[in-house]
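Since every read-out is calculated from the coordinates, none of them should be taken as a lab result. All values derive from a computational prediction rather than experimental measurement. Glycine gets a Cβ as well: all are built from the backbone with ideal geometry, and neighbour counts include every protein chain shown.
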Amino acid sequence: MQLTDPTIILYKKMERELMATENVPKKSVSTGLLASTKKRDANEDTDVNQPSYRVMQYMSQIRKLREENKNGDA
Amino acid sequence: MVMRKDQPTFDAPVPGQSLTAPLGGRPWQSPPQYATVEEALDYYLPRLANDEVIAQLMDTLEMGVPVTVIANTMQLASVMEGKHTVDVGMLVVPVLIEMILYLAEQNNVEYVMGDDKPQKVRKTLVDKAVLKLEDLKEKGSDEKLESLEAVDEVKEEQKVVGLMGRR
């Protein structure tokens with residue numbers, strides 16, 4: 001049952017997070033001569049340090065494989 | 001003929017029995033073999049690529065065992081063997097589920113995710129209560145939203161009536 005099974009709750013939540021991150025548009029980075037050379041996004045490093053974020057990335061990679069398999073691209 | 005009723009089981013552990021083993025005597029009480037998610041995945045994924053394991057997995061899926069149950073059982077067994085901790089196991093579960101789904105689709109095996117409503121409802125009070133709660137959630141979500149919006153509107157309408165407020 002859904003309420004007593006943490007795995008399905010976890011999976012659904014990860015799925016939702018994955019969809020949310022995929023829909024966020026990426027910021028355009030200015031690359032001019034006068035652009036700041038400092039680290040552009042400090043959040044990028046902290047995100048990678050989060051195991052849940054890395055798990056989401058692995059999930060998305062396998063999901064891409066699944067979609068390729070479904071579409072017959074593989 | 002004597003009717004057979006459900007007999008109580010007496011082989012369950014006595015409360016506190018888990019504390020009778022010496023500390024560190026159980027695999028899960030010692031430091032885990034794989035401490036990070038990556039190490040744990042390095043342990044699982046090659047196993048899931050094994051042909052024998054895949055065949056057994058597909059048989060299990062064809063029997064109607066939900067994918068989430070299989071993934072949870074896999075990680076729980078590894079926790080009990082002391083391979084990784086419970087938290088690493090929980091983090092690994094979504095990747096395992098995704099991998100099992102990939103294998104099932106590749107082998108054209110139909111699977112059950114495990115989030116469907118049970119067709120056969122047990123008569124226990126807990127199950128009845130959980131089903132009732134789920135029904136209420138489904139029915140009440142729209143009504144709740146409407147009532148919350150109404151409360152927000154009322155709050156906006158309320159004017160400042162303090163001593164220093166304008167009259």
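Along the positive direction of the dipole of region B:69-125 (beta-carbon charges: Lys, Arg +1; Asp, Glu -1; about the Cα centre), which of B:TYR102, B:LEU125, B:ALA71 reaches farthest?
Farthest along the dipole direction, towards plus: B:LEU125.
Can you find, among B:MET80, B:VAL93, B:VAL53, the residue farthest towards the positive end of the dipole of region B:27-106? Put +1 on the C-beta of Lys and Arg, -1 on that of Asp and Glu.
B:MET80
Shielding of B:23-36 by partners, i.e. mean partner chain Cβ atoms within 10 Å per residue?
Taking the mean over all residues of the peptide, I get 0.
Can you bin region B:18-60 into rounded, prolate or oblate? Criterion: square roots of the alpha carbon gyration tensor eigenvalues sorted a ≥ b ≥ c, rounded for a/c under 1.5, prolate for a/b above b/c, oblate for the rest.
Oblate shape, in that a/c is at least 1.5 and b/c is the bigger or equal ratio.
Averaged across B:96-103, how many Cβ atoms of other chains sit within 10 Å of each residue's Cβ atom?
The shielding value for this peptide is 5.
So for each of B:53-60, B:11-18 I average, over its residues, the number of other beta carbons within 10 Å; can you give me the resulting order with the highest mean first?
Put in order of decreasing packing, that is B:53-60, B:11-18.
At a 10 angstrom cut-off on C-beta neighbours, averaged per residue, how do the peptides A:53-62, B:67-76 rank from highest to lowest?
B:67-76, A:53-62
What is the mean number of Cβ atoms from other protein chains located within 10 Å of the Cβ atom of each residue in peptide B:64-74, rounded to a whole number?
For this peptide, the per-residue mean of nearby foreign Cβ atoms is 3.
Quick one: dipole size for region B:27-106, taken about the Cα centre, charges +1 on Lys/Arg Cβ and -1 on Asp/Glu Cβ, in debye to the nearest 20.
Result for region B:27-106 is approximately 220 debye, rounded to the nearest 20.
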